[in-house]
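Worksheet for the structure shown next.
Coordinate-derived values only; no laboratory data. Please read these numbers as outputs of a predicted model, since none were measured by experiment. Note: ideal-geometry Cβ built from the backbone for every residue, glycine included; neighbour counts use all protein chains shown.
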Amino acid sequence: MIEAAVGALPGLLPAFLVLAAVLGVGAAAVGRARGAPVALSVLCAVAFAGVLVVTMLPGGGGSGQGGSCDVGLPGWAFLGSESARLNVALFVPPSLLAVLLFRRPVTVLAGCLFLTGGIELLQGTTELGRACSYDDLKANALGGCLGVLLGVVGLWAARRRCPLTRRDALRGAAAAALGGSLLVGAFAVAVEPSDDEARAQARRVESGRQETWLDGAATDLFGGGNSAMAVRRKRLPDGGWRLTVEVERRGSFVVRWPERRLERFAWPAGDGPAGDTGALPAAQARAAGDRFLRKWFPQVAAEATSLPSQDERRRHVLRYRYTAPDAAEPGTLEVRVSPTGRVVELTTHGAPGPEPDPA
């Protein structure tokens, strides 16, 4: 809501000044006629003018789909949004001033709650370019409740007696029941719930978890040091993802997600300094390959089918055959170990391996 209002900023201040002037003059006249504090009446009118302008001024936000309202996040999670916190603050002044002016806290609370629901209903069913959200409704209602609470404290401090009366409680309860019934019925008929915000939040959480794991995997594969990563994501037919990660000045690796299964790995610079032609004993190469497999494929019952051989770069090539629990045919893992004892390349062939331990 607040973000949409900022998007409509060029017309926000003029609209507020005009509406505040109109409501303020009317409130002053009514307050003077009824013997109410004129200044308090004007302040209350100006505060409500601010709420109406911020929430109802047409803007370019919203989902573009009329008749829908986002169910938002569960519980109090909505308060993690700066926009929601601003919505809370927006509704505190008018409800506080209304309690001080009318001295009927329960009735004012019922009115504030009805106003918040009515605003979201209009945003969800009209072409104002504003987004209807239950998170906004909760934030607005919370602000109204806080304002009423502060108003009750203010009245009690001024008179040293409880400002709540039986008459106000009965009227407020009746108004809340009637208004709540009308809003619930209107939302049920005119608004279709959606879960766009919850899905977006889930994507943000999953993206953060994914980036954390990839950072750890890059450190395990290439060693420490800060290097920029570029990730390409490809959606697979089974609903999973294949992530291709390019690590600057080092190499690349490919992972299946969410299984966190390493499919390929290449570290061209991992062979050591240029001109390093030292020979690595076969037993040490086999030990390095076995350690690598235990790290990334701990559930694979792998065995070497050939003794380590050497390629043109004097790297030992180890081939492991394995049978994954969910595979009909055995697969092959090919690991290349540099003369310095580092695993610098992995290629998988055939059936995929099971899920490795997270890094």
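Restricting the range 68-153 to chymotrypsin sites (Phe, Trp or Tyr not before Pro) that sit in a DSSP loop and have at most 15 other Cβ atoms within 10 Å of their own Cβ leaves Trp76.
Ordered by the count of other Cβ atoms within 10 Å of each Cβ, fewest first, Glu82, Glu263 give Glu82, Glu263. Go ahead and run the numbers for FRET between Arg103 and Ser181, Cβ-Cβ distance against an R0 of 22 Å, rounding to 0.05. According to the calculation, E is roughly 0.25.
The relative contact order of the range 2-194 comes to 27 percent, based on Cα pairs under 8 Å that sit 6 or more residues apart. In order along the range 157-169, phi translates into HN-Hα couplings of 5, 6, 10, 6, 8, 5, x, 7, 10, 5, 5, 5, 5 Hz, rounded to whole numbers, per the Karplus curve 6.51 cos²θ - 1.76 cosθ + 1.60 with θ = phi - 60° and x for Gly and Pro.
Between Ala190 and Leu17, what length in nm is gained on full extension when 0.36 nm per residue of separation is reduced by their alpha carbon distance? Write out the running numbers ahead of the final one.
Numbers: separation 173, 0.36 × 173 = 62.28 nm, distance 3.26 nm.
Taking 0.36 nm per residue and subtracting the Cα distance, the gain is 59.0 nm.
Give the order of Asp136, Asp220, Asp70 when sorted by the count of other beta carbons within 10 angstrom, beginning with the fewest. Show your work: numbers first, answer last.
On the way: Asp136 27, Asp220 14, Asp70 22.
Lowest count first: Asp220, Asp70, Asp136.
For each of Glu192, Glu127, Glu197, count neighbouring Cβ atoms within 10 Å of the residue's Cβ, then give the residues from fewest to most. Mind dumping the intermediate values first?
Numbers: Glu192 12, Glu127 9, Glu197 19.
Exposure proxy ranking, most exposed first: Glu127, Glu192, Glu197.
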